[in-house]
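To start, the structure itself, in structure tokens.
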Amino acid sequence: MSEVARRRFLQGAGVLGVAGALGTGTASATNRYQWLSGDHHAHTQYSYDGMYTIEQQIRGALRHDTDWLVITDHGHASHEAHSVEATAADLRRAQRKFPQLLLWHGMEWNVPGAEHATLFFEDCRDEAGVLRDFERQFDWRLNGAEASSPANEKKALDAIRFLQTKIRNGTMKSALVFVNHPMRNGRVAPHELRNMRDLAPDIVVGMEGAPGAQGDGDPLRGPGGHRGGYSNSPGSNSYAPYPPEAYRTYGGFDWMTAKVGGVWDSLLAEGLGWWITSNSDSHFNSRDTIVRVPEPGDQFDLTGKHLDPVDSGPPQVSPPYVDFFPGEFSRTVVGATRRTRGAVMEGLRAGRAWVSHGGLVDDLRFDVYASGGTRTMGGRLRVRRGSDVSVLVKARLATRPNSAGFIPRLRRLDLIKGAVTGRSSSETLATPHVKVERSYEPRWHYAVFTHTFRNVREPFFLRLRGTDGNRGAFEPQADTPGAANPWEDLWCYTNPIFVEVR
């Protein structure tokens, strides 16, 4: 769109004054950052259920415009014994070979009393040694602390205290933990989320709003099952109050995130910074011609590493999971002050991020402003009681085909508002004071929308979601086998902005 056409569009939309003001730099928040796309959950041959070499995973990520990537192989006795130093050596070589990609050596932690979480560090001395020490002491595959129990939940908190000690004594600058696929097995209770977050809000900062393995739902390129492997029912370690519908995805997103007024909103209603991401959980990628080679059944147990896979030409058949390469389907886009690992971690910690599936939007900006200033995703805007508060949304719609070969269309954006009512029970699953405040239908490649809240009296939060509208209903629908092709039901979400009233 030309600048003249763009200005005419803005005039027709009634938002030129706002957009012009933001263009001066006096009100823009999103423009202060570099918006970098990445993934904090990907596996390699150093996972018992993985396949790719680190370089193969990196090359796949770079093909899909990934700026940052965390390698997160599973905690496992053979991994702790054999894989940590080998992974570190491979990553050092990869960092020299691919300097354009910001890389971390993390792990997928088997959380005592729960399921899985991503863990990674900033500027850690003896990073491999610290990871191995953490894995040996606090991973339930190594210490038998899998069962849901108060003792094992305490051990998870002890693990977070271990990280706090390493930060205080200067071993590392910072650490981040994200809870992975929280409702796949229903094994992380609301009080566990709150307890970990309350103990270390600068470390345990959020969860996957959408799981990886989205290709599991694809009937054309995969098994046509459940997106994200969300095919489970309550088990002996599941949190009993979760309803049966909680164990499914909705438009590919976890029930905690997708349900308006649900678990995520209940945390936000307490005023808690609790952020979402979206990741690949890459193990075996859709339509890929790289395949695992035959190996002895005890290969991983003895060495902590699968043999290097090979490019066989035809795509792999019936892999155990159908994932995507980092950036191919799921993106977490972070606002960073610089293109550095520390700046990306700071952006994630601040909640300055939005997520999308299938290339639904090329760019998404979301600011809230008043006389007290401007804030973007993850921010807190403080205003005087009685103030007017305005919202500015900018969406740049997709212009190029995604990995499935088509250009997706964003058909609706929803502005969601929730009341901040203060702390509640640690077992809270829902909040009633959340609704879709307004919906927008983008009609141009470059769409700008505004909304103003007049005479604000009470604190609230705002968040944004968008959809391709292919499933028709206003709310995201439960994904069911045979009708869960991920490419046919695409969504995007932002992290919230809080408005505090004084």
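The values are calculated or read from the model by the stated rules, or taken from the named source; none is laboratory data. Predicted model only: the values in this text are computed from it and were never measured. Cβ: placed from backbone, ideal geometry, glycine included. Neighbour counts: every protein chain shown. Note: areas computed on protein heavy atoms with side chains; ligands, DNA, RNA excluded. Shrake-Rupley method; radii C 1.70, N 1.55, O 1.52, S 1.80 Å.
The set of residues in the stretch 177-204 that are within 20 Å of residue 492 (Cα to Cα) and of a type in the set (Val, Ile, Thr) contains only 179. Yes or no: residue 480 in contact with a helix residue (DSSP H, G or I) (Cβ under 8 Å, 6 or more places away or on another chain), open to solvent by 30 Å² or more (accessible area, probe 1.4 Å), over 20 Å from residue 353 (Cα atoms) and part of a loop (DSSP other than H, G, I, E, B)? So residue 480 fails the test.
Which one is surrounded by the most Cβ atoms within 10 Å (Cβ to Cβ) among residues in the stretch 62-86 that are out of contact with any helix residue (DSSP H, G or I) (no Cβ under 7 Å at 6 or more places or on another chain) and among the β-branched types (Val, Ile, Thr)? The qualifying residue surrounded by the most Cβ atoms within 10 Å (Cβ to Cβ) is 72. Quick one: in the stretch 192-249, of everything that is among the charged types (D, E, K, R) and part of a loop (DSSP other than H, G, I, E, B), which residue is nearest to residue 270 (Cα to Cα)? Checking each candidate, the answer is 202. Taking the listed residues 109, 35, the one that is modelled with pLDDT of 95 or more, within 24 Å of the chain's Cα centre (by Cα), surrounded by 24 or more Cβ atoms within 10 Å (Cβ to Cβ) and of a type outside the set (Val, Ile, Thr) is 109, with no other qualifying. Taking residue 469 as meeting all but one of (1) farther than 27 Å from residue 223 by Cα; (2) assigned to a loop (DSSP other than H, G, I, E, B), write down the number of the exception. Only one criterion is unmet by residue 469, namely (1). Residue 423 meets the conditions (1) under 21 Å from the mean Cα position of the chain (by Cα); (2) charged (D, E, K, R); (3) under 20 Å from residue 275 (Cα atoms); (4) open to solvent by 20 Å² or more (accessible area, probe 1.4 Å) in every case but one. The failed one is (1). Determine whether residue 456 is open to solvent by less than 60 Å² (accessible area, probe 1.4 Å), part of a strand (DSSP E or B) and among the β-branched types (Val, Ile, Thr). So residue 456 does not fit the description; no. Across the stretch 373-405, the qualifying residues are those that are of a type in the set (A, V, I, L, M) and in a loop (DSSP other than H, G, I, E, B), and the one among them that is farthest from residue 344 (Cα to Cα) is 404.
Among the conditions (1) crowded, with 24+ Cβ neighbours inside 10 Å; (2) aliphatic (A, V, I, L, M); (3) within 21 Å of the chain's Cα centre (by Cα), the only one that residue 392 does not satisfy is (3). Taking the criterion of being open to solvent by 10 Å² or more (accessible area, probe 1.4 Å) and either of a type in the set (Ser, Thr, Tyr) or touching a helix residue (DSSP H, G or I) at 6+ places or on another chain (Cβ under 6 Å) (or both), the residues of the stretch 40-54 that qualify are 48, 53. Just one of the listed residues (494, 467) is within 30 Å of residue 385 (Cα to Cα), β-branched (Val, Ile, Thr) and open to solvent by less than 10 Å² (accessible area, probe 1.4 Å), namely 494. The set of residues in the stretch 446-491 being over 20 Å from residue 254 (Cα atoms) and of a type in the set (Gly, Ala, Ser) consists of 447 alone. Please tell me if residue 443 is open to solvent by 50 Å² or more (accessible area, probe 1.4 Å) and modelled with pLDDT under 95. When the stated conditions are applied, residue 443 passes them.
Restricting 193, 199, 220 to those that are hydrophobic (A, V, I, L, M, F, W, C) and within 18 Å of the chain's Cα centre (by Cα) reduces the list to 193. Has the stretch 157-168 got at least one residue that is open to solvent by less than 50 Å² (accessible area, probe 1.4 Å), of a type outside the set (Asp, Glu) and closer than 23 Å to residue 78 by Cβ? Yes.
Here's the yes/no breakdown for (1) under 25 Å from residue 357 (Cα atoms); (2) without any contact (Cβ under 8 Å) to a residue 60 or more places away in the chain; (3) not β-branched (Val, Ile, Thr):
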| position | (1), (2), (3) |
| --- | --- |
| 392 | yes, no, yes |
| 403 | yes, no, yes |
| 417 | yes, yes, yes |
| 431 | no, no, no |
| 444 | yes, no, yes |
| 452 | no, no, no |
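Among the candidates 92, 96, 136, 59, the residue that is open to solvent by 20 Å² or more (accessible area, probe 1.4 Å) and touching a helix residue (DSSP H, G or I) at 6+ places or on another chain (Cβ under 8 Å) is uniquely 136.
Is there a residue in the stretch 119-127 that is open to solvent by 10 Å² or more (accessible area, probe 1.4 Å), touching a residue at least 12 places away in the same chain (Cβ under 8 Å), under 18 Å from residue 54 (Cα atoms) and within 25 Å of the chain's Cα centre (by Cα)? Yes, the stretch 119-127 has at least one match.
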